[in-house]
Amino acid sequence: MASYKINYEKLIKLYKDSGKDILKTRCPLLNQQHYLYAELDLILGSGTCKNFKKKWEDIVPVVIAVAQSESCAVLELLPVIISANKRSCTAGDYFFYVHEDSSNIASAIKKHKRETPFILKIGDTSYTVIVDSTIPFIESACSTEALLQLISVYYVFDIQWCKKVLPTLRFIRTIVMRLQDDVPTQCVSHDLFIVQFKKMYDLMYAVDSDVIDSDA
């Protein structure tokens with residue numbers, strides 16, 4: 001599986017071979033949010049990032065309502081609710097990992113061998129997207145921005161979706177981003193959650209849940 005580091009090196013070579021000095025102006029490798037989002041918009045279409053944030057804000061209260069809990073963050077809830085393997089309590093660590101000890105970040109990053117990017121939450125307001133289990137790629141003070149950054153890294157650097165949290169990523173792609181499900185998974189918990197989610201969405205927003213799958 002191609003890692004961030006491998007695709008990073010490919011992009012560097014591509015930019016150098018192009019003969020254009022764009023590394024200093026609009027390159028996602030600069031680890032800046034603006035450039036990362038610009039690349040995702042180029043890949044998936046103009047307005048992708050803007051629509052993602054708006055849709056996520058609509059979806060968060062629905063997920064909380066379905067889970068019947070207001071004490072947990074949605075980013076922590078999703079991998080648990082729609083896990084492909086209920087016996088695994090660590091699946092969420094490959095998507096959104098909470099670490100309270102800001103003085104020992106290295107141990108949090110290395111707790112599991114993660115070949116795919118994930119969000120590391122440190123304290124109450126710090127979110128960092130980690131790539132290749134070692135590299136802090138980009139930081140944010142907002143969980144929504146961190147999620148969009150994570151998805152952007154997957155797309156911009158062409159990284160294979162993490163199998164341990166594939167149902168969660170599938171939910172984000174199909175419901176939040178309204179993209180075609182290009183990597184279907186056989187996951188009963190995911191399918192049941194989608195049914196419950198759409199019913200709750202109808203109740204909370206007084207619309208037919210089919211609007212979730214359209215651009216209405």
**Message:** Amide H of Ile138 versus every other amide H placed in the peptide plane: which residues, excluding those fewer than 5 positions away on the same chain, fall under 5 Å?
**Reply:** Val129
**Asked** Using 7 Å Cα-to-Cβ label points, what is the Thr134/Lys199 separation (nm, one decimal)?
**Response** 4.9
**Asked** Want the number for Asp124 to Gln160: 0.36 nm per residue separation, take away the alpha-carbon distance, what's left?
**Response** 10.0 nm
**Request:** Report the one residue of Pro136, His112, Leu147 whose Cα lies farthest in the direction of the positive end of the charge dipole of segment 96-150 (charges on C-beta: Lys and Arg +1, Asp and Glu -1; origin at the Cα centre).
**Result:** His112
**Fill in**
Given a Förster distance of 30 Å, the FRET efficiency implied by the Cβ-Cβ spacing of Asp41 and Ser107, rounded to the nearest 0.05, works out to 0.25
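Read the figures in this text as sums done on the coordinates, not as results from a lab. As the structure is a computational prediction, the values presented were derived from the model and not from experiment. Here the Cβ is made from the backbone with ideal geometry for all residues, glycine too, and neighbour counts use every protein chain on show.
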